[in-house]
Structures are given as C-alpha cells and as structure tokens.
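The values are calculated or read from the model by the stated rules, or taken from the named source; none is laboratory data. The structure displayed is predicted, hence computed values, not measured ones. Here the Cβ positions follow ideal geometry from the backbone for every residue, glycine too, while neighbour counts run over all protein chains shown. For accessibility, only protein heavy atoms count, side chains too; no ligands or nucleic acids. Shrake-Rupley method; radii C 1.70, N 1.55, O 1.52, S 1.80 Å.
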Amino acid sequence: MPVETPHTAADWTAYYRLRFAVLRQPWQQPAGSERAPDDDQPTTTHALWRAPDGSVAGVARLSPGSTPGQGQVRYMAVAPAWQGHGVGRQLMAHIEGTARQQGLTELVLHSRESAVDFYQRLGYAVVEPSHTLFGVIPHFLMRKQL
Ligand SMILES: CC(C)(COP(=O)(O)OP(=O)(O)OC[C@H]1O[C@@H](n2cnc3c(N)ncnc32)[C@H](O)[C@@H]1OP(=O)(O)O)[C@@H](O)C(=O)NCCC(=O)NCCS
C-alpha cells in the first residue's frame, strides 16, 4: 500500500501543497491557512499516498480527539486526478490501523457535505450537522467505532 509518513523536506512541501490546493485554494483562502497549530505536535500523525510517478496524490492526518480513546481525522484530501481510484479508502485504512495501534477505540471527523457518502461507505455514521466552513461548506460530525 503506497501510504507513507512524510519524512523528507520535499515530502512535507508536497503534503502541505496538496492540502492547500484541494482544501483551501478553491475558496480563495490565503497561503498558510492549510496549516494547523497542532500539526507539529508529537501526538499528531500524518499520512501521504504516493502515486507511481512519485508525486504525492493524497494526504490525511490523525490527532487526539476530545475524550480518552478518541481520535480525530482532519485534512483528508486527494488530488483531483486521483479521486475515485481508491486513494481515500487506502488513506483511511492506514489512519484506522494507526489509530488501533495507538489504542484508540473511536474516530470522529467533520465531513464536508460532499464527502459524507464517502465516509458512510467506510462505516462512519452522521452524528449531527456541525460548522459551515468559509460560510458556504456545510459539515457533518461523523463517528466510527474501531
Ligand atoms: C472525498 C475524498 C477524500 C474521497 O477520496 P477518493 O480517493 O476520491 O475516494 P475512493 O476512490 O477511495 O472512494 C471509496 C469509495 O467511496 C466512494 N466515493 C468517493 N468519493 C465519494 C463522494 N464524494 N460521494 C460518494 N461516494 C464517494 C467511491 O465510489 C468508492 O466506493 P466503492 O469502494 O464502493 O467503489 C476525495 O474525493 C477528496 O479529496 N475530495 C475533495 C476534498 C474533500 O472533500 N475532502 C474531505 C474533507 S472532509
């Protein structure tokens, strides 16, 4: 499975560039808005999916949730050219495996409305509507027991 932890400076540059391109740039958000204060915490785990040509075509991260045993998935993004080819499924399998290794028993995430069906296919259930990002992207809190 071509899912890896970013290691090199080039990996990290590509990792954040993809986050920005997929999750921020289409809504005219400023450079830097793709980064979170807890990205550098030792308890945050990052994953990337590498395409056969070596480029980074998918990213995701896992961080502690708000209660013991809970993790949160954030910043899940697949390059447009690779969407619908199983990259997101592989990234989530990796994240869930990592979460189990960390002893977590539940994952939560805030899904964009357009991605709710994707997460439902992977066993996540909608808990309730959550925030609206940039004033236009409705999100839903979703949860899965591991
Ligand atoms: C949503 C996203 C992460 C899914 O990743 P992906 O690599 O395209 O998804 P996969 O190819 O692994 O799809 C897995 C399954 O979910 C389905 N699926 C994927 N995206 C879907 C969507 N938006 N709606 C409904 N079903 C979807 C696929 O058909 C596939 O089903 P199958 O296994 O039964 O054939 C990706 O499309 C993406 O980055 N979108 C834009 C950014 C985004 O919305 N990120 C999530 C923020 S919360």
Is it the case that some residue within segment 128-145 is surrounded by 14 or more Cβ atoms within 10 Å (Cβ to Cβ), hydroxyl-bearing (Ser, Thr, Tyr), within 14 Å of the chain's Cα centre (by Cα) and at pLDDT 95 or above?
-> no
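Picking from LEU91, LEU109, LEU104, which residue would you name as being of a type in the set (A, V, I, L, M, F, W, C), in contact with a Pro (Cβ under 9 Å, 6 or more places away or on another chain) and modelled with pLDDT of 95 or more? Outline the logic, then answer.
Numbers: LEU91 fails: in contact with a Pro (Cβ under 9 Å, 6 or more places away or on another chain); LEU109 fails: in contact with a Pro (Cβ under 9 Å, 6 or more places away or on another chain).
Result of the check over LEU91, LEU109, LEU104: LEU104.
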Would you check if ARG24 is open to solvent by less than 50 Å² (accessible area, probe 1.4 Å), out of contact with any helix residue (DSSP H, G or I) (no Cβ under 8 Å at 6 or more places or on another chain), charged (D, E, K, R) and at pLDDT 95 or above?
-> yes
THR44 passes all but one of (1) within 21 Å of HIS139 (Cβ to Cβ); (2) open to solvent by less than 50 Å² (accessible area, probe 1.4 Å); (3) over 14 Å from the mean Cα position of the chain (by Cα); which number fails?
-> (3)
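In the set ARG74, ARG61, which member is open to solvent by 30 Å² or more (accessible area, probe 1.4 Å), of a type outside the set (A, V, I, L, M, F, W, C) and closer than 22 Å to PRO37 by Cβ? Full working, then the answer.
Numbers: ARG61 fails: open to solvent by 30 Å² or more (accessible area, probe 1.4 Å).
So the residue among ARG74, ARG61 that is open to solvent by 30 Å² or more (accessible area, probe 1.4 Å), of a type outside the set (A, V, I, L, M, F, W, C) and closer than 22 Å to PRO37 by Cβ is ARG74.
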Among residues belonging to segment 95-142 that are among the β-branched types (Val, Ile, Thr) and under 19 Å from PRO64 (Cα atoms), point out the one that is farthest from the ligand (Cβ to nearest atom).
-> THR105
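Being more than 20 Å from HIS139 (Cβ to Cβ), of a type in the set (Gly, Ala, Ser), near the ligand (Cβ under 8 Å from one of its atoms) and out of contact with any Phe, Trp or Tyr (no Cβ under 6 Å at 6 or more places or on another chain) narrows it down to one residue among GLY84, GLY69; which is it? Break it down into steps so the answer makes sense when it comes.
Details: GLY69 fails: near the ligand (Cβ under 8 Å from one of its atoms).
None of the other options fit; the residue is GLY84.
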When you look at ALA9, is it within 15 Å of the ligand (Cβ to nearest atom), over 15 Å from LYS144 (Cα atoms) and of a type in the set (A, V, I, L, M, F, W, C), yes or no?
-> no
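Please determine, by comparing only the residues of segment 89-112 that are over 15 Å from the mean Cα position of the chain (by Cα) and in a helix (DSSP H, G or I), which one is surrounded by the most Cβ atoms within 10 Å (Cβ to Cβ). Steps first, please.
Our first condition is that a residue be over 15 Å from the mean Cα position of the chain (by Cα); within segment 89-112, this holds for 100-106.
With in a helix (DSSP H, G or I) added as a condition, the list becomes 100-101.
Details: ARG100: 13, GLN101: 9.
Applying the filter and picking the extreme gives ARG100.
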